[in-house]
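To start, the structure itself, in structure tokens.
The values are calculated or read from the model by the stated rules, or taken from the named source; none is laboratory data. Bear in mind the structure is a predicted one, so any value in this text is a computation, not a measurement. Neighbour counts run over all protein chains shown; Cβ positions are idealised from the backbone, glycine included.
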């Protein structure tokens, strides 16, 4: 995983001022992704390179810039949303997964769940599909009209292939619970999206090499 991440980082040149070795930055990011806190990771690696937990936080968010999915034919995509807390307010994370590869194709954070949100999100997901895949969802009332309007084949499903997106949300929530029951109150919608995009970048890379 480290080698593949190193190649991506060098190709996109996201660490332009390399006062610290890129390899150490990426090892630190991977350890944080695995569940070790920013502070503990910086202490764990201080014999190799000294850096602050704030530096690691910034490095982790830069990984979000690597998020990209290939545009290709996709048989079936599952979409779902789940509720999270940012401070004392509830928000929703939308996510889409290729049920054959388990690759996450995108996320979106919104305050509400509406048909307009579905249209906006699905249009973004279709950028990574050369065809028009089957879309599987639960029975949320915001899906049917929106997907019909987009001319997509839509199937309701409680279990089966839609379990892929439910399983991924469990992975995400399990990771979040390591440190917070919620995102901190000073977190913005944009910073939450950046954190999750970095998490997805690393998750997708792990899926591709597994």
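Tabulated data
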quantity	calculated
Some residue of region 62-81 being under 17 Å from the mean Cα position of the chain (by Cα), farther than 22 Å from residue 169 by Cα and surrounded by 15 or more Cβ atoms within 10 Å (Cβ to Cβ)	yes
Region 187-201: number of residues that are surrounded by 21 or more Cβ atoms within 10 Å (Cβ to Cβ) and closer than 14 Å to residue 111 by Cα	0
Only one of 46, 113 that is out of contact with any helix residue (DSSP H, G or I) (no Cβ under 9 Å at 6 or more places or on another chain), exposed (fewer than 12 other Cβ atoms within 10 Å of the Cβ) and in a loop (DSSP other than H, G, I, E, B)	46
Options 100, 80; residue that is at pLDDT 95 or above, in a loop (DSSP other than H, G, I, E, B) and assigned by TED's automatic domain parsing to the domain that holds residue 148	100
